[in-house]
Each structure stands twice: as C-alpha cells, then as structure tokens.
C-alpha cells in the first residue's frame with residue numbers, strides 16, 4: 001500500500017483541532033513516565049463513569065469469561081480495565097513520539113530469539129499478538145529488537161493517518177492495511193516477521209465458533225490458518241504486558257508452534273484461542289474487554305448479549 005505522505009492540505013481549518021490534539025499529546029509525552037501513568041488512571045476512571053455503553057460491554061465480556069469470580073472481583077477487574085484503557089491513551093503518544101533512548105529503559109524481553117530461529121526456515125514468521133491495552137507501545141518495543149511488518153486499520157482522518165502510520169512504523173519495517181491479504185502474503189514470502197491479531201470478532205466470513213474463556217462459541221477468525229497454509233510460514237505467539245510499579249513492559253515470544261495448522265479449522269482456532277487466553281490470564285485487567293468480542297452469534301437470529 002502507499003505510505004501516507006505529508007500534505008499542505010493538512011493546514012486547512014478542518015485539521016486545526018487535530019493539530020491541537022496532537023500537539024497536546026506530544027507535550028504530555030515529555031512528562032515523567034510515572035506521572036503519565038497516574039494521569040492515565042484519572043482518565044480511565046472518568047471513562048468508567050462517563051462511557052456507560054463501553055462500561056456495559058466490558059462488564060458483559062467479563063461476566064461471560066469469568067463466571068467463577070465474585071461480583072466484587074468482577075467490579076474490581078472492570079475498574080482496573082478502564083484504568084488500563086486510560087493509560088493506553090498516553091502510551092500511544094509514548095510509542096509515537098518518544099526517542100529510542102527514553103524507551104529502552106522500559107523494555108524487557110523473553111524469548112526474542114525464537115523469531116530469528118523461525119526465520120531460518122525462509123518462509124516468513126507470523127507473530128500472533130492480541131489486544132492488550134499496552135499493544136501500541138509494545139509494537140514499538142518489539143521493533144527495537146526485531147523490526148516487523150504489521151497489519152493495521154487506516155484512520156479516516158488523513159492527518160491522524162499520517163501520524164498513526166509513521167508512529168507505528170517507527171523502529172519497524174512498514175504497515176499493511178487490514179484488507180491487504182496479498183500484501184501480507186508477499187511480506188511473508190520475503191521472509192519478514194509479520195504481526196497479526198486474530199483475537200477480535202471479525203464477523204462470519206472465514207470464522208469458526210469455538211471456546212474463548214468460558215464462552216463455548218466465540219466467533220473466531222480462521223485467517224491465521226489461511227495465511228499459514230498459503231505461505232507455509234512459521235507461527236510464534238507474542239505475549240505483551242505492562243509491568244507493575246512503573247517498571248515498563250515485557251514481551252514474551254514463544255517458540256514456533258509445531259503441528260500447526262492441522263487442517264481442522266475449528267481445532268486450530270480453538271488451540272490459538274487457548275494460547276491467547278493463557279497470556280491474557282497473566283494480566284486480565286489489561287485486555288481490551290471494551291470490544292464487543294461476542295457480537296456475532298452462531299444463530300443469526302439470537303439476541304445480542306450486549307442488550
């Protein structure tokens with residue numbers, strides 16, 4: 001796809017508020033790290049009380065996925081999830097604007113060598129990640145050790161798209177639009193490591209209804225097996241986590257999966273969900289529960305679980 005270029009039209013009045021927001025984010029990004037975390041918690045708690053629809057969605061997801069928890073435990077996780085969402089807002093500007101020297105002190109890695117080992121097969125590496133709140137900054141952190149190609153959804157605002165693309169591509173190779181399947185397959189054919197996130201509900205096309213936490217029939221994309229089947233690439237899992245006490249971020253890369261895919265789309269999707277679930281359980285309050293993970297039901301006529 002074409003890389004977004006700077007344009008003089010960005011100075012038109014329609015972009016002035018976007019410029020103002022970006023300028024504020026840039027200035028805030030230079031505040032001390034601990035202070036930004038604290039501000040994120042404040043923003044997150046405000047969202048908890050103001051964004052009633054998103055709070056309902058997150059609460060429904062947590063109720064479905066963690067039936068074993070008490071009401072008090074679920075409420076605690078819900079509030080912590082919004083705190084994490086607020087922090088993620090500031091982490092975006094850190095990932096886009098911070099110089100490398102400032103970011104390095106917060107980086108912790110485990111198993112990063114598994115990507116290089118997988119690349120030795122010469123067929124590319126699909127780095128399966130999932131939507132933890134710290135994903136924006138962790139994409140940059142992973143790129144510091146191993147520059148990657150990433151799938152992403154382009155922004156509708158052209159100025160935001162310019163900053164989003166170049167911010168996310170910083171210390172990485174390049175980005176591919178979420179609908180550009182041929183682009184991803186081409187990158188894999190070039191033996192690149194490509195970040196792919198299969199954990200959200202992308203609708204009925206190419207999906208299987210398999211277990212995710214306590215939900216036995218979660219709509220899960222089979223795109224992962226499609227990419228692996230057509231490219232014969234290796235697959236590793238990237239677990240990301242924001243560490244406590246402002247110690248930064250940890251990225252854990254697993255060894256390449258063996259006997260995957262098996263040819264059974266349902267079994268493969270369920271297996272990948274299980275691996276993702278294991279990672280989420282390390283810090284469940286940091287997962288993006290605000291997404292309507294269970295919006296697509298096996299029965300098209302079934303009522304929404306989010307009503």
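No value in this document is a laboratory result; all are computed from the given coordinates. Computed from a prediction, not measured in an experiment: that's the story for all the values here. Cβ atoms come from the backbone with ideal geometry, glycine included; neighbour counts cover every protein chain shown.
Over the C-alpha trace of the chain, radius of gyration and Dmax come out as 19.4, 56 angstrom. In the chain, the DSSP-assigned H stretches of four residues or longer account for a calculated mean residue ellipticity at 222 nm of -14500 deg cm²/dmol, using -39500 (n - 2.57) per stretch and the full residue count as denominator.
Exposure proxy for 19, 98, 8, 289: other Cβ atoms within 10 Å of each Cβ, ordered fewest to most, give 8, 19, 98, 289. Which of rounded, prolate or oblate describes the range 12-132 when judged by the alpha-carbon gyration tensor and an a/c cut-off of 1.5? It is oblate, given that a/c is not under 1.5 and a/b is not larger than b/c. Each part gets one Cα centre, and for the range 150-169 versus the range 5-36 those centres are 14 Å apart. With neighbour counts taken as other beta-carbon atoms within 10 Å, the residues 93, 304, 29 rank, fewest first, as 304, 29, 93. For the options 127, 71, 41, a Gaussian network treatment of the chain with springs between C-alpha atoms closer than 10 Å singles out 71 as fluctuating the most. DSSP beta bridges confined to the range 12-286 are antiparallel in about 35 percent of cases. For the pair residue 109 and residue 75, the difference between a 0.36 nm per residue extended length and the Cα-Cα distance amounts to 9.1 nm. Highest-first packing order for the peptide set 272-285, 229-242 is 229-242, 272-285, based on the mean count of other beta carbon atoms within 10 Å. Give the distance, in whole Å, between the Cα centre of the range 45-108 and the Cα centre of the range 191-251. For the range 45-108 versus the range 191-251, the Cα centre distance is 19 Å.
Sorting 201-208, 136-143 by average packing, meaning the other beta carbons within 10 Å per residue, from highest down gives 136-143, 201-208.
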